[in-house]
Amino acid sequence: MALVCGVEPAGLTPETTLESLGADSLARVSIADVVEAELAEAGTVVRIDDATLAKFATLGEIDAYLANA
């Protein structure tokens, strides 16, 4: 998230909103691509479809989704 949105990771919390990071729809797709790639490197295949991606408002929601994937 920090890399894609150009913010310091130390300032991110589960309550941080994607809107506050300036994450428009293109940034959200980039975030999903990075997350999917990082998890694939770790041996976990996860696909975040566009409809699900559009529902996320906070970093905590993304984290919860990935924990249950």
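The values are calculated or read from the model by the stated rules, or taken from the named source; none is laboratory data. In this text the structure is predicted, and so the values were computed from the model without any measurement. Backbone-built Cβ (ideal geometry, glycine too); neighbour counts: all protein chains shown. These area figures cover heavy atoms from the full protein model, side chains too; ligands, DNA and RNA do not enter into them. Shrake-Rupley method; radii C 1.70, N 1.55, O 1.52, S 1.80 Å.
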Please compute the per residue accessible area over the chain with all protein chains in place, 1.4 Å probe, rounded to a whole number of Å². 64 Å²
Regarding the chain, what is the average projected area of its C-alpha convex hull, in nm²? 4.3 nm²
What figure in square angstrom, to the nearest 10, would you give for the accessible area of Asp50 with a 1.4 Å probe? 110 Å²
Helix axis angle, 25-41 relative to the chain longest principal axis, alpha carbon, degrees: 40 degrees
Within the stretch 46-69, list the residues whose amide N lies under 16 Å from a label point set 7 Å along Cα→Cβ of Glu38. 46-48, 58-69
Starting from the Cα of Ala27, step 7 Å along the direction of its Cβ; do the same at Asp63; then give the gap between the two resulting points in nm. 1.9 nm
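How many percent of the accessible area of the chain is carbon or sulfur, using a 1.4 Å probe? If you can, show how the numbers build up before the last one.
Numbers: 2470 of 4440 Å².
Exposed carbon and sulfur together represent 56 percent of the surface.
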